[in-house]
Amino acid sequence: MATVYFTNNADSGDGSLRAALAAASPSDVVTYADGYFDGSDEIAISLSSNVSITKDVVLDARDKRIVLDGQFTSRCLWASADLQLRKVDLINGYSNSSYSGGLYVSRGAVTLDACRIHGCFCKFYGSALYALSGSVVLNDCLITGCCTETAQVMSASVRAKSGSSVAINRCTIVGDAQRALSAETDGLIVVADSIVQGVYNVSSAVSVTPSTCGFAAPCPDVIDSSTWNNALWQSWDFRLTPESPYLTGAETASAENADLLGNPRQVGGALGAFEGSWLVVTSGEEKMLAADVRVDRLELHDCAALSFVGQDRRLSVVEGAVVGSATIHAPEGAYVALPDVASADAAIVIGATLCEYGAGLTAFGASASSATEVALAWTASDPDRGVLLERRVDGAWTTLAFVETGAAYTTSASPGRSYYRAYDGDVFLYADIWSALGVQFRVASTWVPAETATQNWEVLVQNVTTTERVMPGQGITLLARIYDAFDEDAALLNDGENVVSVKYACYFNSNGLFEEANEPVPGHVDVDAGCGCVLESVQTSDAWTLDDVGYNFALTPDVRTAPLFEREGRYQIKVVVTLSEGNPVVFYVPIDVVDR
């Protein structure tokens with residue numbers, strides 16, 4: 001198998017599509033040459049006569065669209081061999097004979113993927129497609145505004161003659177004044193998950209109503225082709241709009257646009273006739289995903305294989321999934337989010353994490369519910385949808401739990417800083433918490449005027465989302481929630497009644513944790529801050545935004561005579577709360593000071 005290229009959009013001659021088809025051998029791929037059609041999303045070829053394909057070839061538009069324009073004077077395409085068309089449009093085709101102005105199939109197996117047939121005309125049968133013999137498969141195709149000159153009971157956009165077959169998958173066929181489908185006796189047409197405007201003598205058409213993927217109303221049985229225009233897309237729910245890439249010839253949809261149901265268009269996925277994307281893997285077939293993918297529907301048939309290339313790939317399935325006894329293989333990990341996790345019970349899953357799509361996370365946080373436990377809580381638009389919770393362990397994210405319903409989960413606390421995230425099949429939300437001997441803390445800035453302001457500094461504490469500029473002579477306020485160090489049943493530090501003293505020290509260091517490895521900051525070593533740092537009640541001022549519980553400890557070092565931060569680097573503030581009984585509460589707050 002080789003690839004044969006065309007280099008211009010002339011109707012004939014050197015470098016034309018016709019010349020490339022003539023030079024191709026059976027099983028070759030015919031496509032455009034890179035660099036010759038830059039700056040255009042489509043390659044339009046004006047035809048003086050139909051393109052005849054007599055060899056088994058693949059005509060592939062790849063990242064563009066190949067448009068064969070009959071100019072209302074010529075049929076677009078005649079196929080008499082095995083043929084695959086990918087993103088090829090047949091428009092304005094005309095035949096003064098009885099059969100198709102778009103695609104005429106006299107024999108062979110023909111497959112159309114993401115193709116469009118529009119505005120084609122013939123006298124009697126199959127204005128868009130006429131299958132005289134052989135088989136035709138249409139996947140994710142759009143057929144609109146085709147019509148016949150003479151109204152016949154057998155007239156239709158797609159016509160299957162006796163002995164031929166047409167399979168229609170995820171397609172929209174509307175706009176013919178007669179009907180979408182027509183079959184002669186023993187002509188076979190099988191329709192799945194498609195919208196068609198009407199049928200004649202097609203007993204084997206298994207579905208001619210909207211698919212189960214969210215359609216609200218079927219289109220009318222009859223549409224007057226003489227009044228057909230793009231505005232009619234707004235009248236019936238075809239999940240297409242007048243700006244649809246299938247109607248305008250654009251390569252992809254815009255991310256900000258939505259279909260008639262309000263669902264976002266997919267960018268980079270297959271532009272099916274439903275203006276969404278499907279991922280279908282048939283029995284014995286294997287597909288590999290090397291990027292994050294979001295699709296409307298997933299179908300993995302029995303004995304199919306879906307594999308992922310790269311680390312932690314994400315496949316989000318928005319509307320529906322049918323998963324048989326298929327294999328899902330992710331050597332470096334992957335997330336497969338389904339509307340219903342149970343739909344994949346029959347699958348063999350290796351290395352992938354199955355979760356649910358649709359919770360709609362809007363907020364996620366971590367807080368200490370006791371000295372030994374961390375409470376994870378989140379807000380979701382649909383709390384009855386499952387949420388995947390993960391914790392970062394040794395540099396890797398590991399599954400903590402899959403919470404099917406609800407919006408809270410409690411787990412054991414780990415010393416030091418712990419990272420968590422929640423996943424709803426669409427977005428990750430992150431939270432973290434620092435636990436040190438039952439202490440949870442954060443830093444807020446305070447303003448203490450300095451006599452001389454010569455340099456700006458920024459204090460970064462853990463991953464506090466908002467930072468404050470601190471100048472020489474300015475200080476910070478350390479807010480903390482301290483849990484009882486000797487009685488785990490007590491929620492807070494006994495309202496400060498058993499506090500003997502509160503002292504703090506500040507150290508500058510490069511890599512050590514304890515003060516022995518650090519340089520003491522003059523004026524801020526073993527400073528008595530007073531027992532009033534431990535408050536008599538929980539405070540919930542705006543300064544504490546980590547959660548709704550608040551803090552019961554507030555320390556503001558005096559920086560009027562001795563600055564805390566004289567230079568850029570890493571600092572540690574050590575706090576010692578001495579109690580009337582039990583061990584003292586000791587914790588260290590790391591602070592990065594960065595020169596702006």
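Assorted remarks:
- Of residues in segment 1-49 being of a type in the set (A, V, I, L, M, F, W, C) and part of a loop (DSSP other than H, G, I, E, B), the one nearest to L103 (Cα to Cα): L47
- Residue-level analysis places Y32 among those that are buried (at least 21 other Cβ atoms within 10 Å of the Cβ), aromatic (F, W, Y), touching a residue at least 24 places away in the same chain (Cβ under 8 Å) and under 16 Å from A10 (Cα atoms).
- The residues listed here are G395, G406, G425; of these, the one that is small (G, A, S) and in contact with an Asp or Glu (Cβ under 7 Å, 6 or more places away or on another chain) is G425.
- Positions within segment 314-351 being β-branched (V, I, T), out of contact with any Ser or Thr (no Cβ under 8 Å at 6 or more places or on another chain) and within 18 Å of A422 (Cβ to Cβ), in sequence order: V341
- Answer residue from segment 415-429, given it is over 16 Å from the mean Cα position of the chain (by Cα) and in contact (Cβ under 8 Å) with a residue 24 or more places away in the chain and is most open to solvent (accessible area, probe 1.4 Å) among those: Y419
Let's see how each residue does on (1) buried (at least 16 other Cβ atoms within 10 Å of the Cβ); (2) under 37 Å from the mean Cα position of the chain (by Cα); (3) not polar (S, T, N, Q):
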site	(1), (2), (3)
D38	no, yes, yes
N50	yes, no, no
L59	yes, yes, yes
D63	no, yes, yes
V67	yes, yes, yes
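- Lone qualifier among R116, R75, R62 - being touching a residue at least 60 places away in the same chain (Cβ under 8 Å) and either touching a Phe, Trp or Tyr at 6+ places or on another chain (Cβ under 8 Å) or of a type in the set (S, T, N, Q) (or both): R116
- Residue satisfying all of: in segment 320-333; under 22 Å from S283 (Cα atoms) and out of contact with any helix residue (DSSP H, G or I) (no Cβ under 9 Å at 6 or more places or on another chain); surrounded by the most Cβ atoms within 10 Å (Cβ to Cβ) among these: A330
Residues are listed down the side, and each one gets a yes or a no for (1) open to solvent by less than 10 Å² (accessible area, probe 1.4 Å); (2) within 30 Å of V281 (Cβ to Cβ):
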residue: D312; (1), (2): no, yes
residue: P339; (1), (2): no, yes
residue: L361; (1), (2): no, yes
residue: G365; (1), (2): no, no
residue: V387; (1), (2): yes, yes
residue: G395; (1), (2): no, no
residue: E404; (1), (2): no, yes
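- Top-ranked residue in segment 557-576 [being among the β-branched types (V, I, T) and modelled with pLDDT under 85; ranked as farthest from N498 (Cα to Cα)]: T561
- Taken together, A554, A480 contain a single residue that is at pLDDT below 85, buried (at least 19 other Cβ atoms within 10 Å of the Cβ) and either within 23 Å of R417 (Cα to Cα) or touching a Phe, Trp or Tyr at 6+ places or on another chain (Cβ under 7 Å) (or both), which is A480.
- For L400: the one exception among (1) part of a strand (DSSP E or B); (2) hydrophobic (A, V, I, L, M, F, W, C); (3) farther than 15 Å from D432 by Cα: (3)
- Some residue of segment 346-354 being surrounded by fewer than 19 Cβ atoms within 10 Å (Cβ to Cβ) and more than 21 Å from R313 (Cβ to Cβ): yes
- Any chance A160 is more than 38 Å from the chain's Cα centre (by Cα) and crowded, with 23+ Cβ neighbours inside 10 Å: yes
- Some residue of segment 108-116 being closer than 24 Å to N9 by Cα, of a type in the set (G, A, S), surrounded by 24 or more Cβ atoms within 10 Å (Cβ to Cβ) and modelled with pLDDT under 95: no
- Restricting segment 523-536 to residues that are touching a helix residue (DSSP H, G or I) at 6+ places or on another chain (Cβ under 7 Å) and open to solvent by less than 60 Å² (accessible area, probe 1.4 Å), the residue that is modelled with the lowest pLDDT: L535
- Boolean, A81 is in a loop (DSSP other than H, G, I, E, B), surrounded by 15 or more Cβ atoms within 10 Å (Cβ to Cβ) and not basic (K, R): yes
- Test: residue in segment 281-302 that is within 16 Å of P339 (Cβ to Cβ), out of contact with any strand residue (DSSP E or B) (no Cβ under 8 Å at 6 or more places or on another chain) and either modelled with pLDDT under 60 or not in a loop (DSSP other than H, G, I, E, B) (or both): no
- Considering the conditions (1) closer than 17 Å to L90 by Cβ; (2) out of contact with any strand residue (DSSP E or B) (no Cβ under 7 Å at 6 or more places or on another chain), T7 is excluded by exactly one of them, (1).
The values are calculated or read from the model by the stated rules, or taken from the named source; none is laboratory data. Predicted model only: the values in this text are computed from it and were never measured. Don't worry about glycine lacking a Cβ; one is built from the backbone with ideal geometry, like all the others, and counts go over all protein chains shown. Protein only, heavy atoms only, side chains kept; ligands, DNA and RNA dropped before computing areas. Shrake-Rupley method; radii C 1.70, N 1.55, O 1.52, S 1.80 Å.
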